[in-house]
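Okay, structure first, notes after.
The values are calculated or read from the model by the stated rules, or taken from the named source; none is laboratory data. Remember, it's a predicted structure, so these values are computed and weren't measured experimentally. FYI the Cβ positions are ideal-geometry reconstructions off the backbone, even for glycines, and counts take in every protein chain you see.
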Amino acid sequence: MIKTIFFDWFNTLACYDPPREEIHSQALREFGVALSPEEIFPGLMLADKNWFEESALSKIESRSLEEQSELQIRYEETMLAKAGIKAPKETLGKVMERVQQLYQGMTFVLFDDVLPALKVLKQQSFVMGLLTNLAKNMDTICRELGLEPYLDVVVTSEEAGADKPSPIIFQMALQRAGVDASEAIHVGDQYNMDVLGARGVGISPILIDRYNLYPDIKDCPQIHNLHELSGYL
């Protein structure tokens with residue numbers, strides 16, 4: 001019997017505001033590459049997927065500065081290649097620096113389905129939690145976005161001392177929720193981090209694929225929005 005539902009944060013419950021495709025579009029224009037946010041978006045999602053899969057293998061922040069720089073360049077290359085654009089690495093390095101500057105003022109916004117779906121789940125007496133690799137003060141962010149009444153457990157990688165897909169962060173969430181792994185599900189958008197991480201400790205995973213990035217994944221339930229979650233409870 002499922003008693004607890006854990007959720008990932010980015011691209012599961014929330015995304016950035018302003019949208020990152022707008023930030024990248026602005027930065028690229030400043031260096032002579034004219035792409036609209038709509039043209040950038042598919043490549044951005046693909047670059048995200050590759051970035052998070054790379055992060056699942058080992059924490060990117062623990063790598064050398066040279067390795068981190070190479071990964072950032074590869075991120076931009078992947079994003080632009082999807083739009084049929086190739087730019088010099090020197091230009092891409094400058095674009096990434098500008099993107100990081102523009103990111104400083106960004107905040108989070110919830111997807112439209114989040115609060116309505118969590119309200120229904122709360123009425124059904126599920127214990128709900130948040131598991132995120134972000135090191136930010138998530139309690140404050142959740143309160144400002146109206147999530148506080150719905151989340152019983154919030155666990156960050158900073159608190160756990162480990163990022164997903166490490167078992168440690170999932171085990172801390174289970175302990176705080178007071179449930180066995182067999183009584184919990186985890187909903188997240190990254191296959192390696194969320195699906196394999198949850199499954200590794202015995203939690204049943206559900207992949208939320210809002211942007212159809214994983215059409216070939218068949219070994220776990222998939223949903224495209226949180227309203228579809230009720231079909232697996």
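Taking the conditions exactly as written (touching a residue at least 60 places away in the same chain (Cβ under 8 Å), among the small types (Gly, Ala, Ser) and either surrounded by fewer than 22 Cβ atoms within 10 Å (Cβ to Cβ) or farther than 19 Å from Ala160 by Cα (or both)), does Ser182 satisfy them or not? In short, no.
Go through the range 190-222 and give me each residue that's part of a loop (DSSP other than H, G, I, E, B) and in contact with a Lys or Arg (Cβ under 6 Å, 6 or more places away or on another chain). Correct list: Leu213 only. Do we find that Asp189 is touching a His at 6+ places or on another chain (Cβ under 8 Å), under 27 Å from Asn50 (Cα atoms) and touching a residue at least 60 places away in the same chain (Cβ under 8 Å) in this structure? The answer is no for Asp189. Looking only at residues in the range 203-221 that are β-branched (Val, Ile, Thr) and within 22 Å of Asp113 (Cα to Cα), the one that is farthest from the chain's Cα centre (by Cα) is Ile206. Contact map, the range 82-98: residues that are assigned by TED's automatic domain parsing to the domain that holds Pro37 and closer than 13 Å to Gly32 by Cβ paired with residues that are surrounded by 14 or more Cβ atoms within 10 Å (Cβ to Cβ) and β-branched (Val, Ile, Thr), Cβ distance under 8 Å, separation 6+ or inter-chain. Pairs shown: Ile85/Val33; Ala87/Val33; Ala87/Val95; Thr91/Val33; Leu92/Ile73; Val95/Val33.
On the given criteria, is Val187 assigned to a loop (DSSP other than H, G, I, E, B), out of contact with any Cys (no Cβ under 6 Å at 6 or more places or on another chain) and surrounded by 17 or more Cβ atoms within 10 Å (Cβ to Cβ)? Here the answer is no, as Val187 does not meet what is asked. For the range 174-233, enumerate the residues that are among the aliphatic types (A, V, I, L, M), farther than 29 Å from Phe41 by Cα and at pLDDT 95 or above. Those that are among the aliphatic types (A, V, I, L, M), farther than 29 Å from Phe41 by Cα and at pLDDT 95 or above: Leu174, Ala177, Val179, Ala181, Ala184, Ile185, Val201, Ile203. Counting only residues that are part of a loop (DSSP other than H, G, I, E, B), in contact with a His (Cβ under 8 Å, 6 or more places away or on another chain) and more than 22 Å from Gly231 (Cβ to Cβ), the range 94-138 holds 0 of them.
The residue that is nearest to the chain's Cα centre (by Cα), counting only those in the range 127-162 that are of a type in the set (S, T, N, Q) and surrounded by fewer than 17 Cβ atoms within 10 Å (Cβ to Cβ), is Asn137.
The residue of the range 9-25 that is modelled with the lowest pLDDT, among those that are among the hydroxyl-bearing types (Ser, Thr, Tyr) and under 25 Å from Val153 (Cα atoms), is Tyr16.
Here Leu28 does not qualify as at pLDDT 90 or above, surrounded by 15 or more Cβ atoms within 10 Å (Cβ to Cβ) and under 26 Å from Leu130 (Cβ atoms).
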